[in-house]
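> First the structure, which I've put down as structure tokens, then a few questions once you've had a look.
The values are calculated or read from the model by the stated rules, or taken from the named source; none is laboratory data. The structure presented is a predicted model; accordingly, all values stated were derived computationally and were not measured. Cβ sites come from the backbone with ideal geometry, for glycine too, and all protein chains shown count toward neighbours.
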Amino acid sequence: MDDAVADKLIDGVAVAKLVRAEVAKDAAALIARGVTPGLTVVLVGDDPASAVYVRSKEKACIEAGMNGVTIRLPAETTQDELLALIDKLNVDPTVHGILVQMPPPKHINPQAVILRIAAEKDVDGFHPVNVGRIWIGEKSGFAPCTPAGVMVLLEKAGVKVSGANVVVLGRSTIVGKPMTSLLVNASATVTVCHSKTKDLAAVTRRADILIAAIGRPEFVTADMVKPGAVVIDVGINRVEDATQKKGYRIVGDVAFATVSEVASKITPVPGGVGPMTIAMLLKNTVRAAAQGLA
Ligand code: NDP
């Protein structure tokens, strides 16, 4: 990477480190008041990718001085058994955040699981109560961790969101929609695009800030980006690569090599939005613990 591109990078690893240091400080203050913030992650089944995510969440909690507990349940756990466990965690005063790793096995309805978690402990921010709180700009709500992490990246990179034309590419419940609500509340003018959007490149070219979250490897090309735009790449895609030991490499939704030439700032993949997600999960958990004291 040449110096000109390196200067444009928004370094998610560095920003996540800052957030995690803040979290550790806040956790220590709560511990001094007799409350150790605690996150309990529930993993049903043995999906290897989910197992990796869950381990890194537990490790991050412990590094921040918090309690990080993982409950591993067999794949044949019934929905009723899982809901009964959530009921117990909802009333456990040592548990401030509950996260059920998604997706659960097919016989479990993810929406039923999300609805069962007490909104005050829903640190993933997927419960409809939190979705509503974030839309109306109520501070007590928990925003989903990935879009919340994007907002922090923009802030730390000194990008002015208020008044900016922002295009969000993707309308998922996890990224695109909550991203939209956070941006609108930060006074951006937001356009949301999806698979039915007509003349997508004409829309994305109007963006001062372009946020790509569509799950298509290197989909956003330089001709879709206004010169000088800020580009945030949420995508995490595996593409085959025989030159790599693992046989694949990770790329984003943005064609980094060419888009980085026209953008004024850009997040890399890996090392951009990805590291922010767990940092924001820790932040939400500490907030849940503090709100419990209030
Ligand atoms: P989804 O598959 O749930 O949503 C994708 C969205 O992109 C949909 O709204 C879809 O439109 C839209 N889309 C797909 N293809 C096109 C196209 N050709 N043109 C325009 N729009 C299109 O994905 P997620 O939101 O869950 O994830 C998006 C990406 O972000 C993935 O790469 C994922 O791995 C990554 N991710 C990264 C995280 C992180 O921690 N950094 C966390 C979560 C996700 P429609 O609604 O019309 O189908």
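> Consider Val286 carefully, then state whether it is of a type outside the set (Phe, Trp, Tyr), in contact (Cβ under 8 Å) with a residue 24 or more places away in the chain, touching a strand residue (DSSP E or B) at 6+ places or on another chain (Cβ under 8 Å) and more than 10 Å from the ligand (Cβ to nearest atom).
no
> Further question: List the strands (runs of 3 or more DSSP E) inside region 179-282, counting only whole elements, that have at least 1 residues being more than 10 Å from the ligand (Cβ to nearest atom), under 23 Å from the mean Cα position of the chain (by Cα) and buried (at least 19 other Cβ atoms within 10 Å of the Cβ).
Answer list for region 179-282: 189-193, 209-212, 230-233.
> When region 30-63 is examined, which residues are found to be among the hydroxyl-bearing types (Ser, Thr, Tyr) and surrounded by fewer than 22 Cβ atoms within 10 Å (Cβ to Cβ)?
Of everything in region 30-63, those that are among the hydroxyl-bearing types (Ser, Thr, Tyr) and surrounded by fewer than 22 Cβ atoms within 10 Å (Cβ to Cβ) turn out to be Thr36, Ser50, Tyr53, Ser56.
> Lys156 versus (1) crowded, with 18+ Cβ neighbours inside 10 Å; (2) more than 11 Å from the ligand (Cβ to nearest atom); (3) under 27 Å from Leu282 (Cβ atoms): which is the lone unmet condition?
Failed condition: (1).
> Now a separate question. In region 1-31, how many are among the small types (Gly, Ala, Ser) and either closer than 20 Å to Ala148 by Cβ or in the same structural domain as Ile236 (by TED's automatic domain parsing) (or both)?
Residues meeting the conditions: 6.
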